[in-house]
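A short worksheet on the structure shown next.
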Amino acid sequence: MDYDRELVVGKLRRWERYLEAYRLPAWSEIPNIGLYMDQVIGLITQYLDYYPPEIKDEKIITPTTVNNYVRMKIMPEPVKKKYYRVHIAYLVMICTLKQTLSIAMVQRLIPMDITEDEVRTIYGRYVERHCFAAKSFIEQVREVGKPVFHPERVEDGSEMEVSDLIYAYAVMAGFSKLLTEKLIFLEGVTMDQVEAGTFANKPAGTAQKNED
């Protein structure tokens with residue numbers, strides 16, 4: 001794999017600076033005036049603007065996707081074709097989580113049959129964790145990618161190729177996904193059930209694979 005190291009480092013540095021300043025909208029910052037579908041699509045695209053420009057041609061969300069989420073009961077139905085704060089909060093969480101989790105896993109993680117106050121609490125915690133994860137990710141990339149960013153500072157003389165960094169993060173993404181799913185499956189499970197051999201994964205819900 002042939003990469004211009006200087007170009008890659010420059011791109012990663014710019015993305016790093018953007019992520020350092022990026023925040024998901026707080027609950028109070030989400031409009032609650034009732035938006036139509038095209039307004040919702042524009043708002044979610046604006047909120048999730050941390051995607052690298054190289055992949056921004058890929059649509060984050062479409063009207064068909066939103067309609068499917070409603071049909072599959074992954075998020076509440078609109079009110080007279082209008083979407084409010086609670087709907088937008090669901091969409092922000094769904095669109096960010098589905099980058100690594102199946103829609104069935106997302107459905108298990110964010111229940112739909114809860115009150116708006118509960119959604120507000122879940123969303124608030126999610127925004128905090130998103131911010132924390134972004135900062136932790138930046139620090140991790142700086143450390144893991146140090147031989148790429150500063151090859152002159154590597155004491156043992158070893159050199160990391162850009163492709164090595166890609167391999168490392170592809171593997172870590174896989175481990176992160178497995179850990180998340182393992183923890184989701186443990187919801188409501190007790191040690192007694194595990195020891196008795198009566199633990200079984202709960203149904204993943206009604207979500208279908210082809211939500212898009």
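Going down the list K11/K82; K81/K135; K81/K182; K11/K73; K11/K177, which pairs span over 28 Å between their C-alpha atoms? Those over the limit are K11/K82; K81/K135; K81/K182; K11/K73.
Computed 3J(HN,Hα) for region 35-46, one whole-Hz value per residue from the Karplus formula 6.51 cos²θ - 1.76 cosθ + 1.60 where θ = phi - 60°, is 10, 7, 3, 5, 5, 5, 4, x, 5, 5, 4, 5, glycine and proline marked x. Region 77-180: percent of C-alpha pairs farther apart than 23 Å? So the pairs more than 23 Å apart make up 46 percent of the total in region 77-180.
Per-residue 3J(HN,Hα) values for region 82-89, derived from phi via the Karplus relation 6.51 cos²θ - 1.76 cosθ + 1.60 with θ = phi - 60°, read 10, 10, 10, 3, 4, 5, 5, 4 Hz in sequence order (x marks Gly and Pro). Summed over the residues of region 33-141 and divided among them, the accessible surface reaches 54 Å² per residue at a probe radius of 1.4 Å.
The values are calculated or read from the model by the stated rules, or taken from the named source; none is laboratory data. None of these values were measured; they are calculated from a predicted model. Only protein heavy atoms, including side chains, enter the accessible area calculation; ligands, DNA and RNA are left aside. Shrake-Rupley method; radii C 1.70, N 1.55, O 1.52, S 1.80 Å.
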